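Engineer: What follows is a single structure, and I will ask about it in a moment.
What follows draws every value from the coordinates through simple rules; no lab data is involved. Quantities reported herein were computed from a predicted structural model and do not represent experimental measurements. Backbone-built Cβ (ideal geometry, glycine too); neighbour counts: all protein chains shown.
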Amino acid sequence: MNHNSDVYMHTQLKTSTWVLITGASSGFGEEFARQYAKQGHALVLVARRLDRLQALAETLRQEYRVEVVVEQVDLSDLGTIVRLQERLRERGIAIDILINNAGHGLQGPFVDAPLGAALSMVNLDIASLTAVTHVFAQDMRKRGRGKILLVASLLAHLGVENFAVYSAAKAYVLRLGEALHRELKSDGITVTTLSPGLSDTGFAKTAQMKVTPVLRLLMMPPAPVVRVGIRSLDAGRMSVVPGLPNKVMAMFIWGTPRWLHQAVFSRVMKAQ
Ligand SMILES: NC(=O)c1ccc[n+]([C@@H]2O[C@H](COP(=O)([O-])OP(=O)(O)OC[C@H]3O[C@@H](n4cnc5c(N)ncnc54)[C@H](OP(=O)(O)O)[C@@H]3O)[C@@H](O)[C@H]2O)c1
């Protein structure tokens, strides 16, 4: 396991709460880093691609004069999560806000995809997310405060043909977040689950997803999605779906029988 850490100190740095963002090397994670840096928070950026993390860290230090720690971690190795927590503790860094965002999807027929691909999704989207939440929620409980945002998906709200494992994994994230929202409230910890629809990040490429013309129309840029996530976490909401078209789709899912909304979603997401 390859680790690399780097800390930057500056006499003019703002001191504020620490935000840990997983999957900070692109997409939503990168945007969370920008928006929290703009608010003056100190950041711990976690992902595998070190060059991207370092470039982002440097930009944010220059632009916003915030402290940024880069942690190159492959979260699919669960042992690295505990070691990450230990390294941060040794440096005296206590995480006040956790953005549990790293994840990936894969589109295609369940039986055709290699089992390893399905299990790697389960490992990252479910096991690693659970471990990161567990480890940092324990620290937060000791301090009697903290905020945790879990990134689920609109696809968490229904089983989706050709996205079986991903939509099931995100349903887990949604339910975990809802349960922990109540469970951790008395410990002073807010848990919010964000369910974005298709957004313009690295997701579609990694998921080998066919972006249909309808989906392209519905695609959101990451900035407003992240703004909604941060606002909802600050407001202590349990769960949020960002963007009006996504909200309409969520209401359609909640208000119609499964055979109907599943058929419509299959149609919208079909490659041709
Ligand atoms: N974009 C969408 O349409 C959409 C919609 C709903 C939900 N989501 C969810 O949003 C979250 C963020 O995805 P995104 O859309 O921003 O896609 P993205 O641009 O592909 O970002 C994914 C991030 O996860 C990191 N990551 C992947 N595997 C990792 C691992 N093993 N260890 C550590 N980091 C890892 C990646 O960094 P490295 O490759 O550098 O490790 C990257 O920073 C995911 O949970 C995704 O399921 C996305």
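Engineer: Running Debye on the stretch 47-140 with equal point scatterers at the Cα sites and no solvent, what base-10 log of I(q)/I(0) appears at q = 0.11, 0.19, 0.22 Å⁻¹?
Structural biologist: Those come out to -0.41, -1.01, -1.20, one per q.
Engineer: Taking 8 Å as the Cα distance limit and 6 or more residues as the minimum spacing, I'd like the relative contact order of the chain as a percentage.
Structural biologist: 17 percent
Engineer: Averaged across orientations, what area in nm² does the convex hull of the alpha carbons in the stretch 149-272 project?
Structural biologist: Mean orientational projected area (the stretch 149-272, Cα hull): 7.6 nm².
Engineer: Let me ask another. By the scheme Lys and Arg +1, Asp and Glu -1, what is the net charge of all other residues having a beta-carbon under 13 Å from that of Arg49?
Structural biologist: Spelling it out: positives minus negatives among the neighbours equals -2.
Engineer: Just to be sure I follow the rule: in the stretch 5-269, considering lysines 8 or more places apart or on different chains, how many pairs have Cα atoms under 30 Å apart?
Structural biologist: Summing the qualifying lysine pairs gives 22.
Engineer: Whole-Hz Karplus ³J(HN,Hα) for the stretch 196-206, in order, using 6.51 cos²θ - 1.76 cosθ + 1.60 and θ = phi - 60°, x for Gly and Pro?
Structural biologist: Once rounded to whole Hz, the list reads x, x, 4, 9, 7, 10, x, 4, 4, 5, 4.
Engineer: Let me ask another. What Rg and what Dmax come out for the chain when only alpha-carbon atoms are used, in angstroms?
Structural biologist: 18.3, 60
Engineer: Between Leu215 and Arg83, what length comes free when the chain is fully extended (0.36 nm per residue of separation minus the Cα-Cα distance, one decimal in nm)?
Structural biologist: Length difference between fully extended and current span is 43.6 nm.
Engineer: Distance in nm between label sites at Ala223 and Phe110, each 7 Å beyond Cα in the beta-carbon direction?
Structural biologist: My value for the distance between the label points is 4.0 nm.
Engineer: Rounded to the nearest 500 deg cm²/dmol, what is the calculated helix-only ellipticity per residue at 222 nm for the chain, with -39500 (n - 2.57) per DSSP H run of length n ≥ 4?
Structural biologist: -14500 deg cm²/dmol
Engineer: Say a paramagnetic label sat at a point 7 Å from the Cα of Glu90, along Cα to Cβ; which residues of the stretch 61-81 have their backbone N under 17 Å from it?
Structural biologist: 69-74, 79-81
Engineer: Can you list residues whose amide H is under 5 Å from Gln72's amide H, if they're 5+ apart or on another chain and H is modeled 1.01 Å from N?
Structural biologist: Here Asn4 satisfy the definition.
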